[in-house]
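Undergrad: To start, I am sharing the structure in question, which I have written as structure tokens.
The values are calculated or read from the model by the stated rules, or taken from the named source; none is laboratory data. This one's a predicted model, so the numbers in the text were calculated from it and none came from an experiment. So basically every Cβ, Gly included, is an ideal-geometry build from the backbone, and we count neighbours across all protein chains shown. Quick note on the areas: whole protein, heavy atoms, side chains included, nothing else; ligands and nucleic acids left out. Shrake-Rupley method; radii C 1.70, N 1.55, O 1.52, S 1.80 Å.
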Amino acid sequence: MSPVYGLFQYLFYSVYRMFFRGEVVGVENIPETGPFLLAANHASHLDPPAIGSNVPRQLAFFARKTLWKGGVLSWWMDQAGCIPVDRDGAGSDVSAIKRVLKALKEGRALLLFPEGTRSADGEIKAPKSGVGMIACRARVPVVPVRIFNSHRAWGRGGSFTPGVPVSIYYGKPLTTADIEDKAAGKERYQVASERIMAAISRLEIPPAVVI
């Protein structure tokens, strides 16, 4: 873990524990070594830092190319190992796909959101094929992750609301065999994404959490 990433992970973790502390379940399911993907539902700007701050390894994240405008933000994204992607997403950005596969070959871990955009109401939406394609091509473990309540803490079109408990469930890793159906032909990447999303949906909210 780089010093810059470690510092900001500590800061984000502190903010999470102070203002959005919920239940965090299944951290033991995160591989200690080797490449893997984290695939999570997405409903808030809080999702990447909340999920990443509870993972004891450095993660790589996607970020829109348009965010690289110079200054502190661009410097931080470079230091954190963010991967620039076109607005349409990784599934249609060949250069981003190459960077992802290279990062995974180097033993890194990557956080992805199969839905491709934030859910306005917090409900899980249909996934796009991009995550399935990356998972099938990379052939690395996929850890399903479900984050609860983040849309109430800082949802799409909503205000930043400290005090809302945000809980995170890290599920058991899926293998390529769990998600890939070669018989699906041209639809196999979409099928893989749907199987990953189904695994995310099956993660149940911890009983101690009250919404």
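Undergrad: Say whether the condition of being open to solvent by 50 Å² or more (accessible area, probe 1.4 Å), touching a helix residue (DSSP H, G or I) at 6+ places or on another chain (Cβ under 9 Å) and within 29 Å of F12 (Cα to Cα) is met by at least one residue in region 87-95.
TA: To start, the set of residues in region 87-95 that are open to solvent by 50 Å² or more (accessible area, probe 1.4 Å) comprises 87-88, 92, 94.
Still in the list and also touching a helix residue (DSSP H, G or I) at 6+ places or on another chain (Cβ under 9 Å): 87, 92.
Next, only the ones that are within 29 Å of F12 (Cα to Cα) stay: 87.
For region 87-95, residues open to solvent by 50 Å² or more (accessible area, probe 1.4 Å), touching a helix residue (DSSP H, G or I) at 6+ places or on another chain (Cβ under 9 Å) and within 29 Å of F12 (Cα to Cα): present.
Undergrad: Let me ask something else about it. So, of the residues in region 72-81 that are modelled with pLDDT of 80 or more and open to solvent by less than 20 Å² (accessible area, probe 1.4 Å), which turns out to be farthest from N29 (Cα to Cα)?
TA: Looking at the filtered set, the residue picked out is S74.
Undergrad: Can you tell me which of A39, A103 is within 22 Å of I205 (Cα to Cα), within 16 Å of the chain's Cα centre (by Cα) and aliphatic (A, V, I, L, M)?
TA: Details: A103 fails: within 22 Å of I205 (Cα to Cα).
Result: A39 is the single residue among A39, A103 that is within 22 Å of I205 (Cα to Cα), within 16 Å of the chain's Cα centre (by Cα) and aliphatic (A, V, I, L, M).
Undergrad: In this structure, does A60 turn out to be under 15 Å from the mean Cα position of the chain (by Cα), among the small types (G, A, S), closer than 24 Å to I179 by Cα and at pLDDT below 95?
TA: Details: under 15 Å from the mean Cα position of the chain (by Cα): yes; among the small types (G, A, S): yes; closer than 24 Å to I179 by Cα: yes; at pLDDT below 95: yes.
Yes.
Undergrad: For P84, work out the one condition from (1) within 26 Å of F148 (Cα to Cα); (2) assigned to a strand (DSSP E or B) it doesn't fulfil.
TA: Here P84 meets the rest and fails (1).
Undergrad: Could you please tell me which pairs satisfy a Cβ distance under 8 Å, a separation of 6+ or placement on different chains, a first residue in region 53-71 that is open to solvent by less than 40 Å² (accessible area, probe 1.4 Å), and a second residue that is among the polar types (S, T, N, Q) and not in a loop (DSSP other than H, G, I, E, B)?
TA: S53/Q9
Undergrad: A follow-up question, please. I want to confirm something. Restricting to region 134-144 and keeping residues that are touching a residue at least 60 places away in the same chain (Cβ under 8 Å) and out of contact with any Gly (no Cβ under 6 Å at 6 or more places or on another chain), which single residue is farthest from A198 (Cα to Cα)? Full working, then the answer.
TA: Taking region 134-144 and keeping what is touching a residue at least 60 places away in the same chain (Cβ under 8 Å), we get 134-135, 138, 140-144.
Those left that are additionally out of contact with any Gly (no Cβ under 6 Å at 6 or more places or on another chain): 134-135, 138, 140-143.
Details: I134: 17, A135: 15, A138: 20, V140: 18, P141: 16, V142: 13, V143: 12 Å.
Among residues in region 134-144 that are touching a residue at least 60 places away in the same chain (Cβ under 8 Å) and out of contact with any Gly (no Cβ under 6 Å at 6 or more places or on another chain), the one farthest from A198 (Cα to Cα) is A138.
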